[in-house]
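First up is the structure itself, then whatever we jot down about it.
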Amino acid sequence: ADLSSADLSSADLSSADLSSADLNCSTTFTKEPICTNLKGVKNLTFQQVKAAKNWEQACYDPELRKQLNLPPENPKYCAGE
């Protein structure tokens, strides 16, 4: 599934299989990248995230960023999401 630029905030992803998902950013309709928004997602583990493609580019809550060994702050393109 192509989840690039999808807003999944507040979704419950318990037992979700993201192994075929692509979390890449999209610039199709904008100059700035729009990335998959996973901030506020419920029941998502770092194992589920790491099974996806381009998972490093998505936007996450600080606690999940820590579990993923990403810098504590989301990139600036996540600010407006």
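Just so you know, all these numbers are worked out from the coordinates, no wet-lab data involved. Quick caveat: nothing in here was measured; it's all calculated off a predicted structure. Here the Cβ is made from the backbone with ideal geometry for all residues, glycine too, and neighbour counts use every protein chain on show.
Of Thr45, Thr36, Thr27, which has the largest mean-square fluctuation in a 10 Å C-alpha GNM of the chain?
Evaluated over the chain, the most mobile residue of the options is Thr27.
Going 7 Å from the Cα of Ser14 toward and past its Cβ, which residues in the stretch 32-63 have a backbone nitrogen under 18 Å from where you end up?
Counting only backbone N, you get 40-49.
Would you look at the GNM of the chain, springs on alpha carbons closer than 10 Å, and say which of Asn54, Asn24, Asn37 moves the most?
Asn54
For Lys66, give me every one of the lysines with a C-alpha distance below 25 angstrom, ignoring sequence neighbours fewer than eight places off in its own chain.
Those lysines meeting the cut-off are Lys39, Lys42, Lys50, Lys53, Lys76.
Let me know the shape class of the stretch 1-40, please: from the alpha-carbon gyration tensor, a ≥ b ≥ c as square roots of the eigenvalues, rounded when a/c is under 1.5, otherwise prolate if a/b is greater than b/c, or oblate.
In terms of gyration-tensor shape, oblate.
Viscosity 1.002 mPa s, temperature 20 °C: give me the Stokes-Einstein translational D for the chain in µm²/s, with Rh taken as the Kirkwood radius over C-alpha pairs.
Approximately 172 µm²/s, per Stokes-Einstein.
Restricting attention to the stretch 1-42, which trypsin sites (Lys or Arg not before Pro) occupy a DSSP loop and are surrounded by at most 15 other Cβ atoms within 10 Å?
Taking the stretch 1-42 and a limit of 15 other Cβ atoms within 10 Å, the loop trypsin sites (Lys or Arg not before Pro) found are Lys31.
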